[in-house]
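Novice: Dropping the structure in here first, questions after.
Read-outs throughout are calculated quantities, based only on the coordinates presented, and are distinct from any laboratory measurement. These numbers were taken from a predicted model, which means no experiment stands behind them. In this analysis, Cβ positions are derived from the backbone assuming ideal geometry, glycine residues included, and neighbour counts consider all displayed protein chains.
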Amino acid sequence: MKSIIFVESNTTGTGRMLADAARIRGYSPKFFSANPDKYRFSNEFDFITVDTSSSEAIFRAAIDVLEGSEISAVMSTSEYFVKEASILASRLNLPALNDERISICRNKYRLRRALQNRGMGEVRSYRIAAASDLEAAAVETGFPAVLKPISGSGSSGVRLCSNLNELEATYKEARSVSQSSRFDFDDGAYVLESYVGGEEFSVEIFNGEMMGITRKHLGEMPYFVETGHDFNCDINEDLRKAIDGEVNKLISLLKINWGPLHVELKVHEGKVFVIEVNPRLAGGMIPFLVHATTGIDLISAWLAAALGETPVLEKTKDRAGHIRFLIPSDNSNIKQSADGAYIEGIVSSSPEEISIESISLYRGIGEEIFICNDFRDRIGHVILTANKPVGNIASKIAQSILERVIND
C-alpha cells in the first residue's frame, strides 16, 4: 500500500481529519513523531518514533519506510513542522511549498521586515533575543504592544503589555514557560509588535485564491485566546474589497501560490493590517466550517495538491457558519458529556434554518482543566450553520453546553 508521511500533526481537528481522508483514498498514513503518546488517535494509525527536530533523522526514517512502501506525499498540519515536511518532500521529489517561503512566514520578525520592504509595514516590531533588548524594543514599538514568540502558534506565550514594567515581567514569565515546555521558538527569540486595535479576521487561501473571510472572536485581554469564528457572515462590500486588496498584495509579495495559506488581519478605522501569515490550513476547525458553509473541502484539496493532483475548489452551497469553543473561566473538571439534546429548544425557537454540524468535547469525564491562556483552554466546540448569520445563538448554545459539562 502506498504511504503518506505526516511529520507530527496538530493533536485535534485537521490532523486527524487529514489522516482519515488519506485512508479513505486508500493510502496508509504514517506519522513521524517524537512523542506519539501525546496524540489521542495514536492507536488508530501507524506512528513511528522519530526525532522530528532533525531533518536528517526524518529523512532516514523515510528511507526505512521506502523499503516496504512507496511514499506518495509528505505533509504536516503542525505549525512547528510544516518546514520539516517541506524539506522531506523536496528531497523525495514530491510536491511541497518552498521551505524558504515557509521560513519567512513562520519567523514573525522576518515576515515583518519583508512587509516593510514592500510598503506593508505599518506595524512596528523589534526582535528580542535577551532581556537586555526590552527597553530598545519598547522605544521602537511604543505601548501598548504585543509580546509573542518569534515562531509560536495557538496564542501560546502571546500577551498585551501596557508599559515597560509589564513587558519585563511578561518576558521573564514567558521565557521560563517556553524553556520548560515542548515549544521550540527559534533559539528562544521573541518579537515585540505595536498593538493594532479593531476587529480581527483571517483569510483562508488555497493555491493563491481566496476561499473566504473568517471573523474571529477573542477572549479577554491581555491574552489572545480565540473563542470562536464566523464564516460567510456580515462583511460589507467595502471591507471585503479592502481585505482582498491587501491579501492579493501579500500573495504577490510572498510568491505563495501552492497549497493552503491562513492569513490573520486586523481592521482598524477602515485600514487593513497584516498580523500573521501561516503556511498551512487554519486551525480551530475553520476548514470544517468552510466545508459546511460552502462545500469547499480544504482537507481533500490539500491532500490532492500534495499528491500532485488538481484540487477541486468548487463552491456548492452558501450558508453562514459559526464555531464557538467551550472555554471555562477557571480551573475545573469535566462532570458530564456534551449531549446536544437539551439545546433543541434554543435551535427550534430560532426563525433561521439552523443545523448543528458538530458538538465535540476534547476531554474525558473526570479530567481536570487548568487554564493556560492559550488554545489549550478549549475543552470542546459547537459548530452550526444557518441560512443567515446567527452568532448570538451560537454563543448561547456554547454557554449552555459549557455549563452542563463542568457543573453537576
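Novice: Principal axes first, then extents: for the Cα atoms of the chain, list largest minus smallest coordinate on each axis, whole Å, largest first.
Specialist: If we take the Cα atoms of the chain, the spans are 57, 55, 45 Å.
Novice: For Asp64 and Glu269 in one chain, what is 0.36 nm times their gap in residues minus the Cα-Cα distance, to one decimal in nm?
Specialist: Separation in residues times 0.36 nm, less the Cα-Cα distance, equals 68.3 nm.
Novice: What net charge is computed for the residues neighbouring Asn331, neighbours being all others with C-beta under 15 Å from the C-beta of Asn331, Lys and Arg scored +1, Asp and Glu -1?
Specialist: Values: positive: Lys335, Arg363, Arg376, Arg378; negative: Asp330, Glu367, Glu368, Asp374, Asp377.
That sum, taken over residues with Cβ under 15 Å, equals -1.
Novice: Summing Lys, Arg as +1 and Asp, Glu as -1, what charge do residues with Cβ under 13 Å from the Cβ of Ser202 carry, Ser202 excluded? Let's see the in-between values first.
Specialist: Numbers: positive: Arg215, Lys216, Lys266, Arg280; negative: Glu199, Glu200, Glu204, Glu226, Asp230, Glu246, Glu264, Glu276.
Computed value for this residue: -4.
Novice: Points 7 angstrom from Cα along the Cβ direction at Thr316 and Ser103: gap in nanometres?
Specialist: Spacing of the two 7 Å Cα→Cβ label points: 4.1 nm.
Novice: Taking each pair of distinct Cα atoms in region 3-96 once, what is the resulting Kirkwood hydrodynamic radius in Å?
Specialist: On the way: mean 1/r = 0.0776 Å⁻¹.
Computed over Cα pairs of region 3-96, the Kirkwood hydrodynamic radius comes out at 12.9 Å.
Novice: If you don't mind, there's one more thing I want to ask. List the GluC sites (Glu not before Pro) within region 354-405 that DSSP assigns to loop and that have no more than 13 neighbouring Cβ atoms inside 10 Å. If you can, show how the numbers build up before the last one.
Specialist: Numbers: sites: Glu357, Glu367, Glu368, Glu403; in loops: Glu367.
Here the GluC sites (Glu not before Pro) that fit, given the DSSP loop and packing criteria, are Glu367.
Novice: Normalised by the number of residues in region 199-406, what is the relative contact order in percent for Cα pairs under 8 Å and 6+ residues apart? Intermediate results must be reported in sequence, preceding the final value.
Specialist: On the way: 408 pairs, mean separation 42.1, N = 208.
Relative contact order for region 199-406 comes out at 20 percent.
Novice: Which value, in nm² and rounded to one decimal, describes the direction-averaged projected area of the C-alpha convex hull of region 199-406?
Specialist: Working: hull surface 50.0 nm².
With every direction weighted equally, the projected area is 12.5 nm².
Novice: What does the extension gain come out to for Asn236 and Asp46, with contour length at 0.36 nm per residue minus their alpha carbon separation?
Specialist: Numbers: separation 190, 0.36 × 190 = 68.40 nm, distance 4.65 nm.
Contour length minus Cα-Cα distance gives 63.8 nm.
Novice: Residues of region 377-408 with amide nitrogen under 15 Å from the 7 Å Cα-to-Cβ point of Ile365?
Specialist: Answer for this model: 404-408.
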